[in-house]
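Just below is one structure, and these are the notes that go with it.
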Amino acid sequence: MPAIKETVEHVEELEVEKYKYGFKSDIESEVAPKGLNEDIVRYISAKKDEPKWMLDWRLEAFRRWQTMTEPTWARVHYPKIDFQDLHYYAAPKSMSAPKSLDEVDPELLETYKKLGIPLKEQEILAGVEGARVAVDAVFDSVSVVTTFKEELAKAGVIFCPISEAIRDHPELVKKYLASVVPVSDNFYATMNSAVFTDGSFVYVPEGVRCPMELSTYFRINEPNTGQFERTLIIAEKGSYVSYLEGCTAPMRDENQLHAAVVELIAHDDAEIKYSTVQNWYPGDKNGKGGIYNFVTKRGDCRGKNSKISWTQVETGSAITWKYPSCILRGDGSRGEFYSIAVSNGYQQVDSGTKMIHLGKDTSSLIIAKGIAAGKSDNTYRGLVSAHAKASGARNFTQCDSLLIGDACGAHTVPYIESRNATAVFEHEATTSKISDDQLFYCQQRGLSDEEAVALIVNGFVREVLQNLPMEFMVESQKLIAISLEGSVG
Amino acid sequence: MTAPNTAKRTVHLGEAENTLISQLLSAGARGAADELAASGLPTRRIEAYHYTDLKALLGEVPAIAEEAGQVGPPKFRVPGAYRILVANGRIQQSTTPPNGVVVSEAGGSSLTERDDVLVMLNHGLVEKSLAIGLENSVDPIVHIDHRIAGAPAHTAGALRIEVAPGATATVLETFSGSDAAHMGNQGTRVELGDGARFTHIVVDLSALNSRHFHTIEYAVGANVQLRNLLVNSGSALSRTQMFGVFAGEGAHGDFSGLNLVDDGQHNDITLDVNHAVPNTTSQELFKSVVRNRAKAIFQGRIVVSPKAQKTDAKMMMQGLMLSEGAQILSKPELEIFADDVQCGHGSTCGELDAQSMFYMMSRGIAREDAKAMLIRAFVQELLDPIEDEELSEALSGVVEEWLSRPAKSPAI
Amino acid sequence: MSTPMLEIRNLHVRVEDKTILKGVDLVVPKGEVHAIMGRNGSGKSTLSYAIAGRDGYEITDGDILLDGQSIVEMEADERASAGLFLAFQYPIEIPGVATMTFLKAAMNAQRKSRGEEEMKTPEFMKAVRAAAGDLSIETDMLKRALNVGFSGGEKKRAEVLQMALLAPKMCILDETDSGLDIDALKVVSQGVNHLRAPKRSMLVITHYQRLLNHIVPDRVHVFSDGRIVKSGGKELALELEAEGYSAFDEAAA
């Protein structure tokens, strides 16, 4: 067993320094007073220069939130969060009114450059060959810049911060906001509805294939600050859009809160592909600090033959509570969920998906790969359900867990509910470790144990990685390697 | 100020809860009564009862059973078995036990106390439990024939089965009764000494308007070979919950069950298997066949404790839906805390395979006959391991009876 | 001329949203063996399923007559009892159903529907043993679940065994040669040839000519794009083998 033992030891030695996005940016910020109350909700709404209907909507959400309690069913444990001890708004002072790229604080641009996200369009053009990506960069509570807006506008695609959409496209926001995740859906979603600050808005008109990948890059910088992103993507009939989301945060000793709501709407024959690489700060080797990530993501396949595909690579956060889901409402619609969740140190992941089959001949596919190392707990939790009218529904689910070391836990909690006799559901789950035989075989062929583990882990997650856009795939492979540092060179 | 609203919610108690509380008080179980008054019956918000919301489903609780009069012949009979008739919770008839079998009575419930309403009620209401000692290789099948007789009655009963180290035995428990809205709440604790070989068959044939609850515990010693099989075709509402703990190395358990569910029935099988020590293996195979407006539930959890290396556990759940209105709800869980293990689960559900149907019909077999053959084939895998031919035949009889049940019009 | 055993008139069949058969006309007289040859995807298997009455194969136009009777309104089991037999290209595995149990159920179901008495077990066993012997089928195989764990050759022999026992009037053999080595092919072909009779007809569906060396047909029909595009004597099969199917594509177009 020497190789395995070494691997385990390496993993245990995981140092916080390995989190390469842990730097802080020295940017002067305007921060709201701590606490959550009606005044804070009004403060945020005023900062965003929102119309009255939006403020009323927020206040209603806040009132509902006051009557709710935190969910406790997930397999995650953490000290009680004092919601009054947080800042709900923080923005770089220079960015009180985001304008053009030239006016953006150079320190901010530098921050994104260090994160590997160039925001200057000419740099993007000059840099990597091939696909261009339009970026909306959200720094704490505000969007600092959105690139390629004009070019997208030519194709009829609206891509802007949601705060801007509320002002410029109120009819679309009113029609779709909270139409997938109702205001009172759950504790965190309701809280988000009251205090959300920024996030992206995407509207792809009928028949348009979005000419480039869209992406949002989230960064939490201020200490003791919650980030409450709100993203809304609408794909009209026959359209297509691929959207990427990335997230990082500095290393801080205290826990930070991230409670997002993402809503996707796909009309007839439309397709939305949503990819996430989540790399929030996971906390240090003793489990101190890290992001609490409570996220509600849901897609509504509202139209016939529509399709929504979620791909996620989850390597960060101290706590992850996240279930990107699909409501398969339109006949013939399809939902897909591809997930890699890596946990190490004291991380706790409770993540999975819900596939709700409502329409006829709907289909869904779930491929979830969990890798647990260190003293972490990694849970897949998923629901597949067929409504009584969902005749011909099909689901295939594959959940695999890989354990590295004997101090971690891997759990699978699927809920499978069939209420239609013609629905066919198949579910498979396995749990395994990297076998000594596999390691020995690779070593005999000349690989070091670290290379061997990297090779085997990469093979384990390949099916999911293949669904990411090329740039993200390479990035994710590296990220997984870093997350399992020691075992994977 | 922290999160809003953490004030304890007051539980509204319904008629069923109030009756149960007064029954507990009359039995002198004040603690249990207080607990029930504080928490109420579990709703779907209680994870273990997610699919069986007792508060909504239980209905009227009948009076505690009186001593039963003469009861009729058994519904399920295995020739040559040693039968103990337990009517309304009291031993009514038993002959001299065969060699190796010791029958006695003990005070109170046989179950371990745990945070579960059925177990709590069992503890509160059972005065005396039946104890069966199996001391060496017992030849005949030991059949505990549980009945609820007469007018609608609530019975709570408990059984303790102790299998001596190295002993071999088969115990059959059957549940049936008069055609009335009974409520039965049985507890069975099985303690398996090292090296024991034990088969436990449990058949529920309760009246189709009664409620049947059964909690089974298996304490599994080293090198034990355990096989269990549940067959449910009775009751309007039933829940059989099994808790198995592997406490000695080298043991193997086969856990299996069949839910045959028809119009208006709601049958729940809940299984929790804990591999607490290294080098134990288990296989779980559960099948449901659902016809008309009915629900079959299977919740299965395999827990591998830290240090329980070399555990090998495979769970399979298969559901067959025969008509509109049928529901199959399942939750196969893995909870793994050791890395050098082989664990997995699978779950499938759907209707009868169209290709197989066509193949059979293309050979001249009529649709209904082809269906019946495929259903028999589907459940056969569960009956195959039962070596005793007469027992196997009797179990097939339960399947045949279910298949031949007249079609009911769907409930509205 | 007596009534043909099988007569297909202008048959159009749709599967899901796609029309696969686009006007098939075919007459197989009593006692004759006809072959249908065509490349993969030409609709050959659809034809066999449509004749046998598989769910989802919707006949949008035309008719199928078995011994003068239209069978298109019948269920698959009624067609079987009327004397139609389909030897499957991929026989279905049915776990839990012993081959013997299945054979008996099928034989008695057909007898019952024809108003005949059920076969007694000893009589049945005798018939099975005799037929199995001819096909070199071990009785052990018959105790196993239907087609489960059977090799390719065993599955095809089991199909021919069923054909022998059920004694149909009209046999359709769908790609019976697929997955067979030369020895197995000989055994299966002998079994089939053994069943050739003046009151029994056969339709042999195949991709390759080689099967027709063993089961020599009276007529050969070339199938392309859901229709029969050419018919001829047994020499047509050789012609096809030499020139390939593309020579007939024009005829289809």
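The values are calculated or read from the model by the stated rules, or taken from the named source; none is laboratory data. These figures come from a predicted structure and were not determined experimentally. Note: ideal-geometry Cβ built from the backbone for every residue, glycine included; neighbour counts use all protein chains shown. Ligands, DNA and RNA are excluded from the accessible area calculation, which covers all protein heavy atoms including side chains. Shrake-Rupley method; radii C 1.70, N 1.55, O 1.52, S 1.80 Å.
Among the residues of the stretch B:245-254, is any open to solvent by less than 10 Å² (accessible area, probe 1.4 Å), in the same structural domain as B:ALA153 (by TED's automatic domain parsing) and under 14 Å from the mean Cα position of the chain (by Cα)?
No, the stretch B:245-254 contains no residue that is open to solvent by less than 10 Å² (accessible area, probe 1.4 Å), in the same structural domain as B:ALA153 (by TED's automatic domain parsing) and under 14 Å from the mean Cα position of the chain (by Cα).
Return the residues of the stretch C:87-104 that are open to solvent by less than 20 Å² (accessible area, probe 1.4 Å), of a type in the set (A, V, I, L, M, F, W, C) and either outside any helix (DSSP H, G or I) or within 7 Å of another protein chain (Cβ to nearest Cβ) (or both); say none if nothing qualifies. First the steps, then the outcome.
Restricting attention to the stretch C:87-104, the residues satisfying the condition of being open to solvent by less than 20 Å² (accessible area, probe 1.4 Å) are C:87-88, C:91-92, C:94, C:97, C:99, C:102-103.
Filter again for of a type in the set (A, V, I, L, M, F, W, C), leaving C:87-88, C:92, C:94, C:97, C:102-103.
Within the stretch C:87-104, C:ALA87, C:PHE88, C:ILE92, C:ILE94, C:VAL97 qualify.
Quick check on B:ALA156: is it in a strand (DSSP E or B) and open to solvent by 20 Å² or more (accessible area, probe 1.4 Å)? Step through it out loud before you land on a result.
Values: in a strand (DSSP E or B): yes; open to solvent by 20 Å² or more (accessible area, probe 1.4 Å): yes.
The answer is yes for B:ALA156.
If you scan the stretch B:78-93, which residues turn out to be open to solvent by 60 Å² or more (accessible area, probe 1.4 Å) and either part of a strand (DSSP E or B) or outside the structural domain of B:SER178 (by TED's automatic domain parsing) (or both)?
Result: B:ARG83, B:ARG90, B:ILE91, B:GLN92, B:GLN93.
How many residues does the stretch B:339-381 contain that are part of a loop (DSSP other than H, G, I, E, B), open to solvent by less than 10 Å² (accessible area, probe 1.4 Å) and in the same structural domain as B:MET315 (by TED's automatic domain parsing)? Break it down into steps so the answer makes sense when it comes.
If we filter the stretch B:339-381 for residues that are part of a loop (DSSP other than H, G, I, E, B), which is where we start, we get B:339-341, B:351-353, B:362-366.
Retained after the next criterion (residues that are open to solvent by less than 10 Å² (accessible area, probe 1.4 Å)): B:341, B:362-365.
Cutting the leftovers down to in the same structural domain as B:MET315 (by TED's automatic domain parsing) gives us B:341.
Total satisfying the criteria: 1.
May I ask you to list the residues in the stretch B:309-347 that are more than 7 Å from chain A (Cβ to nearest Cβ) and farther than 19 Å from B:LEU285 by Cα?
The answer is B:GLN309, B:LYS310, B:GLY325.
Looking at the stretch A:65-83, which of its residues are more than 7 Å from chain B (Cβ to nearest Cβ) and surrounded by fewer than 15 Cβ atoms within 10 Å (Cβ to Cβ)?
Selection gives A:PRO71, A:THR72, A:HIS77, A:TYR78, A:PRO79.
Kindly check whether there is at least one residue in the stretch A:204-212 that is modelled with pLDDT of 90 or more, over 22 Å from A:THR146 (Cα atoms) and open to solvent by 10 Å² or more (accessible area, probe 1.4 Å).
Scanning the stretch A:204-212 turns up at least one residue that is modelled with pLDDT of 90 or more, over 22 Å from A:THR146 (Cα atoms) and open to solvent by 10 Å² or more (accessible area, probe 1.4 Å).
Of the numbered conditions (1) touching a helix residue (DSSP H, G or I) at 6+ places or on another chain (Cβ under 6 Å); (2) of a type in the set (A, V, I, L, M, F, W, C); (3) under 30 Å from C:ALA87 (Cα atoms), B:LEU322 fails exactly one; give the number of that condition.
Result: B:LEU322 fails condition (1) only.
Only one of (1) in a loop (DSSP other than H, G, I, E, B); (2) within 14 Å of another protein chain (Cβ to nearest Cβ) is not met by B:LEU13, so which one is it?
Every condition holds for B:LEU13 apart from (2).
I'm trying to understand the selection: among the residues of the stretch B:194-215, which are more than 12 Å from the chain's Cα centre (by Cα) and either within 16 Å of B:HIS146 (Cβ to Cβ) or of a type in the set (Phe, Trp, Tyr) (or both)? Reasoning before the result, please.
Start the filter on the stretch B:194-215 by keeping residues that are more than 12 Å from the chain's Cα centre (by Cα), which leaves B:194-199, B:206-211.
Correct list: B:PHE198, B:SER206, B:ALA207, B:SER210, B:ARG211.
Listed here are the residues, each with its yes/no results for (1) more than 14 Å from the chain's Cα centre (by Cα); (2) within 14 Å of chain B (Cβ to nearest Cβ); (3) surrounded by 20 or more Cβ atoms within 10 Å (Cβ to Cβ).
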residue	(1), (2), (3)
C:LYS18	yes, no, no
C:VAL27	yes, no, no
C:VAL33	no, no, yes
C:ILE36	no, no, yes
C:LEU47	no, no, yes
C:GLY53	no, yes, yes
C:THR60	yes, no, no
C:SER81	yes, yes, yes
C:PHE85	no, yes, yes
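Might you let me know whether the stretch A:430-453 holds any residue that is farther than 27 Å from B:PHE337 by Cα, within 14 Å of chain B (Cβ to nearest Cβ), open to solvent by less than 30 Å² (accessible area, probe 1.4 Å) and among the hydroxyl-bearing types (Ser, Thr, Tyr)?
Scanning the stretch A:430-453, I find no residue that is farther than 27 Å from B:PHE337 by Cα, within 14 Å of chain B (Cβ to nearest Cβ), open to solvent by less than 30 Å² (accessible area, probe 1.4 Å) and among the hydroxyl-bearing types (Ser, Thr, Tyr), so the answer is no.
Residue under question is B:GLY300, and the condition is that it be more than 7 Å from chain A (Cβ to nearest Cβ) and touching a residue at least 60 places away in the same chain (Cβ under 8 Å); does it hold? Before the answer, list the steps.
On the way: more than 7 Å from chain A (Cβ to nearest Cβ): yes; touching a residue at least 60 places away in the same chain (Cβ under 8 Å): no.
Considered against the rule, which asks whether it is more than 7 Å from chain A (Cβ to nearest Cβ) and touching a residue at least 60 places away in the same chain (Cβ under 8 Å), B:GLY300 comes out as no.
Just the residues that are in a strand (DSSP E or B) and aromatic (Phe, Trp, Tyr), please, taken from the stretch A:267-281.
First pass over the stretch A:267-281, keeping only residues in a strand (DSSP E or B): A:271-278.
Scanning the stretch A:267-281 gives a single hit, A:TYR274.
Any residue at all in the stretch A:382-390 that is more than 7 Å from chain B (Cβ to nearest Cβ), touching a helix residue (DSSP H, G or I) at 6+ places or on another chain (Cβ under 9 Å) and in a strand (DSSP E or B)?
Of all residues in the stretch A:382-390, those more than 7 Å from chain B (Cβ to nearest Cβ) come to A:382-390.
In the following step, the residues that additionally are touching a helix residue (DSSP H, G or I) at 6+ places or on another chain (Cβ under 9 Å) were identified as none.
No, the stretch A:382-390 contains no residue that is more than 7 Å from chain B (Cβ to nearest Cβ), touching a helix residue (DSSP H, G or I) at 6+ places or on another chain (Cβ under 9 Å) and in a strand (DSSP E or B).
Considering every residue within the stretch B:184-193, establish whether at least one is within 21 Å of B:ALA16 (Cβ to Cβ), open to solvent by less than 30 Å² (accessible area, probe 1.4 Å), of a type outside the set (Gly, Ala, Ser) and over 10 Å from the mean Cα position of the chain (by Cα). Full working, then the answer.
Pass one, the stretch B:184-193, residues within 21 Å of B:ALA16 (Cβ to Cβ): B:184-187.
Going one step further and asking which of them are open to solvent by less than 30 Å² (accessible area, probe 1.4 Å), we end up with B:184-187.
Pick out the ones that are also of a type outside the set (Gly, Ala, Ser) and you get B:185-186.
With over 10 Å from the mean Cα position of the chain (by Cα) added as a condition, the list becomes B:185.
Among the residues of the stretch B:184-193, at least one is within 21 Å of B:ALA16 (Cβ to Cβ), open to solvent by less than 30 Å² (accessible area, probe 1.4 Å), of a type outside the set (Gly, Ala, Ser) and over 10 Å from the mean Cα position of the chain (by Cα), which makes the answer yes.
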